[in-house]
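> This structure is in structure tokens; I'll ask about it shortly.
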Amino acid sequence: MTASEIEKCRNRLEQFLADLLAVLGRSERRHWSSVYVRGLLLDGERKSIEPMAARLPEGNVQALQQLMGQSPWPWAPVWEGLARRMTEELAPDPVWVIDDTGFPKQGRHSVGVERQYSGTLGKTANCQVAVSLHQVVAEESTILGWRLYLPESWIRDAARRTEAGIPEEVEFRTKWQLALELIDEVRAWGLRGGVVLGDAGYGEVTEFRDGLEARQLPYAVGVPSTLGVWTHPPRADKLNARGRGRPPSVYHYGNQRPASVREVAEKARGWKQVRWREGTKGWLSSRFYACRVQPSHGFNEGQPPHKEVWLLIEWPRGEKEPTKYFLCDLPAHYPLRRLVRIAKSRWKVEQDYQQLKEELGLDHYEGRSWMGWHHHVTLVMLAHAFLTLEKMCSKKNFWVDPATDAP
């Protein structure tokens, strides 16, 4: 946004921030947090502290550095307040989308930095990786929270932990475990999401899907082509197990073997062309097939058959093989078109990441501490949410700029 554009919506921005930053307590924290958010919104190639301070009339490098890296203000209450506010503003029936993104970094001292694979970068690189939870409705979305992924090398390194200020209670968590923690945190606020979406990096993990089912959360997640399923209910004989420490019973499947979802696709008949969303160049459409299956994980260990879920496969015309596979824990009566539209609702998150990084400097923070990183992403969340509300405001006059003397 240009300086003149920010001035035009200054009253709305100040009211928006005043409500959400009240939990910070001290007036100087609220003031400099507002200044920081305006710096994120203001046009400029780099959104680290020094360049932002130079562009802001009241910019003060020392004050902003103290706010981000030294002032111990809590970020979780800000996330909760923002989630409640945006849930009220956005349309009903949201989906929750789990994803992760990489933050390229130099050196090894910024919290969580390691040579690791980043799907965002498409390669192994020196970077931070964070898991995020998004609430998506129609064409709008908001970020509900973040979890910074800490590789095991960081968890074991006491010196680096101390230097970065990582709390003692923080232990190693895989990305899918961090995703479930995020979901639990948001549910503890009393928010009720819809279907949980995630790519194959999450969907291929049996424990992640089991975790969603244990929480009674429906899902539509990507899976790899090698994932095994039963296309017909398997015959599983329940046998008593013997031996110390073994389960009381195991299931025997005999000579039965599951099929990979790729094999299911090759034998499938009745593919249908489905369109799911209007894009900038017209309707998006592709060929899909769906059937009810039972995931076969655990059959080698004698576990019972899994319940039925949908297997949704995308195989565009002209392609040599399918491009996407999804497992969808959704009602059996759902039509194909509805399954497709739900599974394809992740697209907005990629736009979120692009805007968060290119416009709002999500990956520009140069501080090294655990607290500073969380403070930065929190204020980026506020800036992103305000832009979302401004976009909605331009579509329909659902709120007005308050008078300068409004309470």
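The values are calculated or read from the model by the stated rules, or taken from the named source; none is laboratory data. Not measured: the values here are computed from a predicted model. Heads up, the Cβs are rebuilt from the backbone with ideal geometry, glycines too, and the neighbour counts pull from every protein chain shown.
> Identify the residue in the range 119-132 that is surrounded by 13 or more Cβ atoms within 10 Å (Cβ to Cβ) and of a type in the set (S, T, N, Q) and, among all such residues, is farthest from Val349 (Cα to Cα).
Residues of the range 119-132 that are surrounded by 13 or more Cβ atoms within 10 Å (Cβ to Cβ), as a first pass: 119-121, 125-132.
Next, only the ones that are of a type in the set (S, T, N, Q) stay: 120, 126, 128, 132.
Details: Thr120: 12, Asn126: 23, Gln128: 19, Ser132: 10 Å.
Here the answer is Asn126.
> To continue, here is another question. Give Val293, Val380, Val349, Val309 a once-over and let me know the one that is more than 25 Å from the chain's Cα centre (by Cα) and either buried (at least 20 other Cβ atoms within 10 Å of the Cβ) or within 21 Å of Thr120 (Cα to Cα) (or both). Before you say what the answer is, go through the steps one by one.
On the way: Val380 fails: more than 25 Å from the chain's Cα centre (by Cα); Val349 fails: more than 25 Å from the chain's Cα centre (by Cα); Val309 fails: more than 25 Å from the chain's Cα centre (by Cα).
Going through Val293, Val380, Val349, Val309 in turn, just one is more than 25 Å from the chain's Cα centre (by Cα) and either buried (at least 20 other Cβ atoms within 10 Å of the Cβ) or within 21 Å of Thr120 (Cα to Cα) (or both): Val293.
> For Asp199, are the conditions met, namely being of a type in the set (D, E, K, R), free of Cβ contacts under 8 Å to residues at least 24 places away in the same chain, within 30 Å of Glu321 (Cα to Cα) and surrounded by fewer than 21 Cβ atoms within 10 Å (Cβ to Cβ)?
Values: of a type in the set (D, E, K, R): yes; free of Cβ contacts under 8 Å to residues at least 24 places away in the same chain: no; within 30 Å of Glu321 (Cα to Cα): yes; surrounded by fewer than 21 Cβ atoms within 10 Å (Cβ to Cβ): yes.
No; evaluated as a whole, the condition is false for this residue.
> With a cut-off of at least 1 residues that are under 17 Å from Met381 (Cβ atoms), among the aromatic types (Phe, Trp, Tyr) and not assigned by TED's automatic domain parsing to the domain that holds Gly165, name the helices (runs of 4 or more DSSP H) lying wholly within the range 15-76. Working first, answer last.
Details: elements: 27-41, 49-55, 61-69.
Output list reads 27-41.
> Identify, from the list Val205, Val250, the residue that is within 18 Å of the chain's Cα centre (by Cα) and of a type in the set (A, V, I, L, M).
When all the criteria are applied, what remains is Val205.
> Looking at this structure, is Glu213 in a helix (DSSP H, G or I) and touching a strand residue (DSSP E or B) at 6+ places or on another chain (Cβ under 7 Å)?
Numbers: in a helix (DSSP H, G or I): yes; touching a strand residue (DSSP E or B) at 6+ places or on another chain (Cβ under 7 Å): no.
So Glu213 fails the test.
> Would you check which residues across the range 103-134 are touching a residue at least 12 places away in the same chain (Cβ under 8 Å), in a strand (DSSP E or B) and under 21 Å from Val221 (Cα atoms) and list them?
Those that are touching a residue at least 12 places away in the same chain (Cβ under 8 Å), in a strand (DSSP E or B) and under 21 Å from Val221 (Cα atoms): Ser118, Val129, Ala130, Val131, Ser132, Leu133, His134.
> On the basis of being out of contact with any strand residue (DSSP E or B) (no Cβ under 8 Å at 6 or more places or on another chain), at pLDDT 95 or above and either in a loop (DSSP other than H, G, I, E, B) or within 15 Å of Leu67 (Cβ to Cβ) (or both), does Gly372 make the cut?
Working: out of contact with any strand residue (DSSP E or B) (no Cβ under 8 Å at 6 or more places or on another chain): yes; at pLDDT 95 or above: yes; either in a loop (DSSP other than H, G, I, E, B) or within 15 Å of Leu67 (Cβ to Cβ) (or both): yes.
So Gly372 passes the test.
> Sort out for me the strands (runs of 3 or more DSSP E) sitting completely within the range 278-355 that have 1 or more residues that are over 25 Å from Thr101 (Cα atoms). Spell out the reasoning first.
Details: elements: 282-295, 309-314, 324-328.
The qualifying strands (runs of 3 or more DSSP E) are 282-295, 309-314.
> What are the residues in the range 77-102 that are outside any loop (DSSP other than H, G, I, E, B) and either more than 21 Å from Ala383 (Cβ to Cβ) or in contact with a His (Cβ under 9 Å, 6 or more places away or on another chain) (or both), if any?
Taking the range 77-102 first, the residues outside any loop (DSSP other than H, G, I, E, B) are 77-89, 95-102.
Within the range 77-102, Val95, Trp96, Val97, Ile98, Asp99 qualify.
> Give Gly279, Gly222, Gly254 a once-over and let me know the one that is under 22 Å from Val205 (Cα atoms) and small (Gly, Ala, Ser). Give the derivation first.
Values: Gly279 fails: under 22 Å from Val205 (Cα atoms); Gly254 fails: under 22 Å from Val205 (Cα atoms).
Going through Gly279, Gly222, Gly254 in turn, the sole match is Gly222.
> Here's a follow-up. Inside the range 146-176, can you point out the residues that are out of contact with any Ser or Thr (no Cβ under 7 Å at 6 or more places or on another chain) and assigned to a strand (DSSP E or B)?
Passing the criteria: Arg147, Leu148, Tyr149.
> I've got another one for you. Select from the range 271-290 the residues that are closer than 30 Å to Asp210 by Cβ and modelled with pLDDT of 95 or more and write down the one among them that is surrounded by the most Cβ atoms within 10 Å (Cβ to Cβ).
For the range 271-290, the residue satisfying everything is Phe288.
> Of all residues in the range 95-118, how many are within 30 Å of Glu140 (Cβ to Cβ), surrounded by 15 or more Cβ atoms within 10 Å (Cβ to Cβ) and not β-branched (Val, Ile, Thr)? Before the answer, list the steps.
Restricting attention to the range 95-118, the residues satisfying the condition of being within 30 Å of Glu140 (Cβ to Cβ) are 95-104, 112, 118.
Then keep just the ones that are surrounded by 15 or more Cβ atoms within 10 Å (Cβ to Cβ); that gives 95-103, 112, 118.
Subset that is not β-branched (Val, Ile, Thr): 96, 99-100, 102-103, 112, 118.
Here the count works out to 7.
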